[in-house]
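Asker: A single structure is presented below for examination.
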Amino acid sequence: MSLINDFFLAKIKLCDVTLWYKLLQNKYGDIFETYIGSFRRIVLSRADYVEKLMSPSTKTNYVLRTEQMPEYDEINTTGKGITFNTDIPTWRFNRQFFSQVVLTLSFSKEALLSTPILFNELNGYWKEIGDDVPIDFAIWIHKFTTEAIFQLVVGVKVSAMTKYFNDNVELSKRKYIEPSHIDEEIKNFDQIIDTRLRNTIFLFTVPAFLRQTIFKKRNDAMHENRNMTQRIITKIIDHRRKEIEDHKEVKSNLLTLLITANTEHVDGEYSKPLTNDHISQILIEAITGGIDTTANLLCFIVYHMAHYPNVLARLREELNNIFGSEQNRQITMEDLSKMHYTEAIIKECSRLINPSKMVQRNSSTKDTMIDREWPANTAFIGSNS
Ligand code: HEM
């Protein structure tokens, strides 16, 4: 009965997993188990329970973010990238590589240069739409972060804002979208990646025998999408490698840095450049991990600023002090270092409405946690519900 009850609870709340966890926490306490499809998860909803899980120690038993599953073969992620990689040595190498690259000064500078250009583009569309026409901020900001993340991660323009603008204005006002010289399909790459993300949910929630029978058409479309993603991303990587080899001027986006980053300090057999397979999976993870999170956070910040006009006034004061009469000049690293109040607002909004409600860790060996013994490969969720 309890199982049926939980099933319906889950079905109703599937769109809001944290709400579902909250309801389960109220019912069962700070530790309980759930099943999504056939995957068992132990959910921990207390900070002190989660502490061991999140230990930064290199010797921790909870390095992996997931368990090995046959489903990974279907989306071509087995042993690749970070999030779905269960091979600890390559996981460590890729994780170190990723952190090293995103912490470089050139990556921050690239973000600092490209983001205001895109924001001006967004502002231009809003001006054309006009002050009298209401806009859906949440959708627009998602288009903005889509464009920003694609440019920062792979350095390609997917024209997400232009497409949305074109969909919402009369024919005569529509903008021309320049085709990519690398691959015609790049202009739809954002939708292809978005479909991939939804496919991943389908893959992990619908059991294999149903996917291969009743939902065969949907399953085939998932494989087709996987092939298309792989084809496009490989073309982009090959194109960038060629540009680098030809000493062309390239931007310091994640892809360029993953190809060129120095690996000398990494010991042993992994002190070599990343392969296309790993690069492509890291890029997909950065794209899918970067768009919704930043869009949601920006929405939360605007929401809170609308509720606290005194805080908004202080934020404007700080920015006015930094930029003075040159409101549209290029922002610099030095400007950033002066934005103490702005930074505090971002951190406080992240704390108030945490944009990432849960993290997962899998044990590598059997272990005792909260006075219980758990077998190796137990999946734990640290929930912030
Ligand atoms: C407000 C913005 C963001 C939030 C709240 C956020 C949150 C998170 C969280 C909670 C994780 C899981 C970490 C863990 O399990 O320990 C994660 C992982 C990851 N994120 Fe983000 N993220 C944000 C922005 C970004 C951006 C902009 C990128 C790409 C440029 C990105 C790329 C990744 C990648 C590649 C991973 C996998 C690495 C790992 O598991 O250690 N994220 N993110």
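The values are calculated or read from the model by the stated rules, or taken from the named source; none is laboratory data. In this text the structure is predicted, and so the values were computed from the model without any measurement. Here the Cβ is made from the backbone with ideal geometry for all residues, glycine too, and neighbour counts use every protein chain on show.
Asker: Could you check region 193-217 and list, in sequence order, the residues that are among the hydrophobic types (A, V, I, L, M, F, W, C), part of a helix (DSSP H, G or I) and over 15 Å from residue 289 (Cα atoms)?
Answerer: Restricting attention to region 193-217, the residues satisfying the condition of being among the hydrophobic types (A, V, I, L, M, F, W, C) are 193, 197, 201-204, 206, 208-210, 214-215.
Filter once more, keeping what is part of a helix (DSSP H, G or I): 193, 197, 201-204, 208-210.
Of everything in region 193-217, those that are among the hydrophobic types (A, V, I, L, M, F, W, C), part of a helix (DSSP H, G or I) and over 15 Å from residue 289 (Cα atoms) turn out to be 202, 203, 204, 208, 209, 210.
Asker: If you scan region 24-38, which residues turn out to be assigned to a helix (DSSP H, G or I) and surrounded by fewer than 16 Cβ atoms within 10 Å (Cβ to Cβ)?
Answerer: Selection gives 26, 27, 28.
Asker: Also, I was wondering about something else. Which one of the conditions (1) more than 16 Å from the ligand (Cβ to nearest atom); (2) not charged (D, E, K, R); (3) not in a loop (DSSP other than H, G, I, E, B) does residue 284 fail to meet, given that it meets all the rest?
Answerer: All conditions pass for residue 284, except number (1).
Asker: Can you tell me how many residues in region 256-275 are modelled with pLDDT of 60 or more and under 17 Å from residue 103 (Cα atoms)?
Answerer: Adding up the residues that qualify gives 7.
Asker: I would also like to ask the following. Select from region 332-385 the residues that are over 18 Å from residue 55 (Cβ atoms), among the aliphatic types (A, V, I, L, M) and within 12 Å of the ligand (Cβ to nearest atom) and list them in ascending order.
Answerer: 346, 353
Asker: Just give me the residues in region 198-211 being under 20 Å from the mean Cα position of the chain (by Cα) and either within 15 Å of residue 150 (Cα to Cα) or without any contact (Cβ under 8 Å) to a residue 40 or more places away in the chain (or both), in sequence order.
Answerer: Listed by number, the residues that qualify are 198, 201, 202.
Asker: Please go through region 364-384 and pick out each residue that is polar (S, T, N, Q) and farther than 21 Å from residue 22 by Cα. First the steps, then the outcome.
Answerer: Here is the first cut: in region 364-384, the ones polar (S, T, N, Q) are 364-365, 368, 377-378, 383-384.
Scanning region 364-384 gives 364, 365, 368, 377, 378.
Asker: Can you say whether residue 67 is part of a strand (DSSP E or B) and within 18 Å of residue 377 (Cα to Cα), as far as the supplied structure shows? Steps first, answer last, please.
Answerer: Details: part of a strand (DSSP E or B): no; within 18 Å of residue 377 (Cα to Cα): yes.
For residue 67, the condition - part of a strand (DSSP E or B) and within 18 Å of residue 377 (Cα to Cα) - is not met.
Asker: Of all residues in region 315-340, which are within 24 Å of residue 106 (Cβ to Cβ) and among the hydroxyl-bearing types (Ser, Thr, Tyr)?
Answerer: Within region 315-340, 332, 337 meet the criteria.
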